[in-house]
Each structure stands twice: as C-alpha cells, then as structure tokens.
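Step one of this worksheet: look at the structure below.
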Amino acid sequence: MQYHFDSSTPLFMQVAKVLEDDIFCGRYPEGSQVPSTSEISQSGHLNPATVLKGVNILVERGWVEKRRGLGMFVAQGAVESIRESRKAAFHDDYIRPLKKEADALGLTCDEVVDLVKEEFDAH
Amino acid sequence: MLIEVKGLVKGYQGRRVLDGINLNYSTGNIYGLFGRNGAGKSTLLRCITGLTGFDAGSVTVAGEDIAKLHDCSLLAISNDDNLLPSSTRVESIIASFAAWRGVDEEKLRDDAKDCSIDLRRKWEKLSTGERTLMKDIMALGSGAAFIFLDEPVLGVDAVNRDWLYKRMIEASGPATAVVISSHIIDEAASLVSFVHFLDHGRIILEGSSEEIQDQAWLVRGKKAEIDAVKGDFSVLARGQELGLETMCILGYVEDQGTASFEKADLQRLFVEMTRGGGR
C-alpha cells in the first residue's frame with residue numbers, strides 16, 4: 001500500500017481510510033482479524049505512532065475491537081455502520097465539491113442534474 | 001531515556017562544521033536528520049556517539065557526559081568508518097559483534113541472509129551496498145537504546161532498502177530511538193516522527209513530521225498574490241519559478257487570496273530551504 005506524505009490528508013487519516021475501505025469491501029469480514037499496527041507500519045514504511053493513531057480512529061468508531069493479547073478484529077455491524085457514516089458524509093464529500101465546480105464552469109442546477117441522470121442511465 | 005545536545009560547536013581546518021547545535025533524542029521515536037552533503041550530519045553523529053571530540057557545548061546520554069559514559073552499549077552507529085578487518089569472513093564478524101553486544105547471533109545471521117549476503121565471504125569482497133547493509137544490520141541488532149544510521153541506504157538496492165525500512169521499524173520501540181541521517185528524504189519521510197534539517201552546521205528546521213505535513217505549504221503566484229496571503233505562519237524560503245514567485249511557509253493560513261497552494265512534502269521543503277548553498 002502506498003501512503004502519500006504530500007497529500008493534504010494526514011498520514012494517520014490515510015491509514016484509517018485504507019483500513020475502512022478494506023473492511024467495507026469485505027476484504028476483512030466482520031469478526032475476522034485485521035493486521036496488527038506493526039504489520040501495517042512495516043508494510044507501508046510508516047511510523048508506528050502514525051499507524052496507531054489511524055487505527056484508533058476505527059476503534060473509537062466501534063468498527064474495530066482490540067482484544068488484549070489477541071489482536072484487532074472487525075466488529076459485528078461494522079460494514080453497516082461504515083455505510084451509514086459514508087452516507088452522512090456524501091453531501092460534504094461529493095455534492096459540495098460538485099456544486100463548487102459547477103459554479104466555476106457556469107453550469108446550472110438543471111444541467112448538472114441532467115448529467116447525473118445521464119450517468120445513472122448509462123450504467 | 002534522553003540524549004541532550006547543547007550548544008555543540010566543532011571546527012575543522014578553520015571552518016565551523018557544527019555551529020551551535022541544540023537537539024534532543026528520546027527513546028520511543030524515529031528521527032530524521034536531513035542535510036546536504038557537507039552539512040555536518042556525519043560529524044554531528046560522530047560527536048554524539050563519542051567517536052570524535054568537539055570544541056564547545058555538551059552531549060549527555062541519560063544525564064551522563066559522553067566523555068565519561070559508563071555504559072557504551074547504550075549507543076550504536078552505522079556509518080562510513082571502516083574499522084572492520086578486511087580479510088575476516090562476515091560470519092566471524094557477526095559472531096564477534098554478537099558476543100561483544102551480548103545479543104542473539106542467529107538473528108544477525110538471519111538478517112544478513114534476508115539481504116542475500118553470503119556469510120562465508122570476506123568483508124573486503126562485499127560490495128558497497130552489502131557493507132552498508134551489514135553495518136545497518138549490526139547497529140539495528142545491537143540492542144542499543146540509541147541507534148544512529150548515517151546514510152543507511154548508501155549503495156543499497158531497492159529490494160534491500162524496502163527490507164531495511166521494515167527492519168528499522170521492527171527495531172524501534174518504546175525503549176529505543178532510531179536516528180536516520182540521510183540526504184535521501186522521500187523514502188524516510190513517512191517513517192520518522194521527528195525531523196531536523198541541518199544546513200551549514202546549524203539546525204534550520206525542527207518539528208514533528210505530522211505537524212510539518214499538516215502545516216507546510218508551497219505557495220505560487222504573482223508577487224502581489226503572494227504578498228496578500230495572510231495568517232500565522234513563518235516563511236521558510238522564497239524563490240522564483242516559471243516567471244512566478246514561490247514561497248514555502250509553515251503555519252496556519254487564514255486567507256489564501258488568489259495564490260495557489262500545494263502541499264510541500266519534506267523533500268521539496270528541504271530543497272527550497274537549502275537551495276543555493278553559501279550562507
């Protein structure tokens with residue numbers, strides 16, 4: 001996995017995002033073990049403290065559980081919870097930048113809606 | 001445990017190689033010491049590890065003056081000093097080192113094998129990269145609380161560099177400090193938690209990597225656009241590029257105005273700050 005120091009997303013957020021994606025896609029199913037912080041750290045050449053900070057975001061959100069002496073596991077209900085969280089962020093993450101770019105290009109709301117419909121119809 | 005360097009000055013042939021260095025290294029961290037060729041990195045690490053003396057200032061290891069340090073096993077360094085017997089086989093060097101440090105010989109042998117180094121070969125027959133690797137392997141496997149790696153990837157190929165960065169993380173921990181000194185910044189940027197930029201014998205920037213990643217920006221635009229940027233930041237460097245003005249800043253920006261902003265990674269920041277040379 002490649003992490004980018006020069007991204008505007010802090011490295012620990014990148015770690016959290018990658019792990020979140022892997023859980024959401026089912027690469028690590030609910031109840032299964034996720035890689036340890038030192039495994040993630042070594043594979044990505046990342047500072048262990050950075051990885052811990054990233055993983056702890058998922059722990060705080062209840063998507064990953066630490067079991068003392070055993071490791072970290074995907075919590076039951078994590079996938080649904082991630083879905084809810086992403087839906088809540090959909091407006092900020094996608095709609096607002098879309099509107100910003102549309103404004104810059106002088107596209108009207110109707111024109112944007114038509115483009116969106118076109119895309120949905122095509123696939 | 002802490003290494004404290006205060007007001008360190010060292011001259012060589014009438015030139016101040018180190019010109020008043022203050023810094024701390026504490027266990028539990030991975031540090032990056034970055035500087036151009038001749039910036040003073042190697043000399044600084046040699047002073048800190050007691051390999052050479054200095055003219056003024058102090059170095060203390062866990063509160064003890066470096067010159068009177070009782071427990072030398074607290075320190076380990078991998079650098080370009082060639083102190084190993086050239087006609088001795090790698091396996092014998094490993095055995096002696098393990099015995100001296102009181103560490104597991106097998107781990108060192110395994111590490112060397114991981115890097116495809118033939119243990120039966122004589123030291124003088126190893127390539128530059130293999131010698132660098134062996135010195136790194138021994139420093140990282142020494143059990144020392146403070147591990148200094150001066151140009152640890154010199155001549156080392158991409159596969160072994162990957163192995164080496166993993167090994168550095170493996171060797172790090174709450175009771176260990178690893179200091180990576182290099183002019184190759186990109187590869188080590190995500191590994192280190194704290195950064196020092198050394199230029200002409202002085203520390204010109206220090207900070208946590210996270211803070212620098214968060215707060216360092218490269219600003220580009222016409223002079224008026226650059227001047228209009230407002231916030232609580234320090235200007236680290238200014239320059240020109242493609243007929244436009246550039247500015248490296250560290251801190252908080254309140255108003256970007258119309259200037260364009262991009263993240264300045266460590267390497268870029270370093271180049272901008274040390275470009276040109278002569279002070």
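The values are calculated or read from the model by the stated rules, or taken from the named source; none is laboratory data. As the structure is a prediction and not an experimental result, all values here were calculated from the model. So basically every Cβ, Gly included, is an ideal-geometry build from the backbone, and we count neighbours across all protein chains shown.
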Candidate set: segment B:43-79, residues that are out of contact with any Leu (no Cβ under 7 Å at 6 or more places or on another chain) and of a type in the set (S, T, N, Q); chosen: the one farthest from B:ILE3 (Cα to Cα):
B:THR52
Residue under evaluation B:ALA177, criteria (1) more than 21 Å from B:GLU106 (Cα to Cα); (2) part of a strand (DSSP E or B); (3) in contact with a Leu (Cβ under 8 Å, 6 or more places away or on another chain), criterion not met
(3)
Among the residues of segment A:52-98, count how many are closer than 14 Å to A:PRO29 by Cβ, surrounded by fewer than 17 Cβ atoms within 10 Å (Cβ to Cβ) and in contact with a Lys or Arg (Cβ under 9 Å, 6 or more places away or on another chain).
0
With the structure loaded, tell me whether A:GLU111 is within 14 Å of another protein chain (Cβ to nearest Cβ), more than 14 Å from the chain's Cα centre (by Cα) and assigned to a helix (DSSP H, G or I) or whether it fails that test.
no
So which strands (runs of 3 or more DSSP E) are wholly in segment B:230-279 and hold at least 3 residues that are over 20 Å from the mean Cα position of the chain (by Cα), without any contact (Cβ under 8 Å) to a residue 24 or more places away in the chain and at negative phi?
B:230-241
Quick one: in segment B:117-171, which of the residues that are within 23 Å of B:THR43 (Cβ to Cβ) and of a type in the set (Lys, Arg) is surrounded by the fewest Cβ atoms within 10 Å (Cβ to Cβ)?
B:ARG131
Residue in segment B:172-184 that is farthest from A:GLN42 (Cα to Cα), counting only those that are more than 8 Å from every other protein chain (Cβ to nearest Cβ) and buried (at least 21 other Cβ atoms within 10 Å of the Cβ)
B:SER181
Any residue in segment B:241-253 that is hydroxyl-bearing (Ser, Thr, Tyr), touching a strand residue (DSSP E or B) at 6+ places or on another chain (Cβ under 9 Å) and at pLDDT below 90?
no
Can you tell me which residues in segment B:206-242 are crowded, with 21+ Cβ neighbours inside 10 Å and under 14 Å from B:TYR31 (Cβ atoms)?
B:SER209, B:ILE212
With respect to B:SER26, is the statement that it is under 20 Å from B:MET168 (Cα atoms) and surrounded by 15 or more Cβ atoms within 10 Å (Cβ to Cβ) true?
no
Condition first: more than 14 Å from every other protein chain (Cβ to nearest Cβ) and in contact with a Lys or Arg (Cβ under 7 Å, 6 or more places away or on another chain). Can you find one or more residues in segment B:200-212 that meet it?
yes
Elements of type helices (runs of 4 or more DSSP H) in segment A:2-99, at least 1 residues being under 21 Å from B:ASP214 (Cα atoms) and within 14 Å of chain B (Cβ to nearest Cβ):
A:11-24, A:37-43, A:48-60
Please determine whether any residue of segment B:184-198 is of a type in the set (Val, Ile, Thr), at pLDDT below 90 and either closer than 15 Å to B:ARG36 by Cβ or not assigned by TED's automatic domain parsing to the domain that holds B:SER116 (or both).
yes
For the list (1) among the β-branched types (Val, Ile, Thr); (2) farther than 28 Å from B:ASP114 by Cβ; (3) within 14 Å of chain A (Cβ to nearest Cβ), I need the number of the one condition that B:VAL192 fails.
(2)
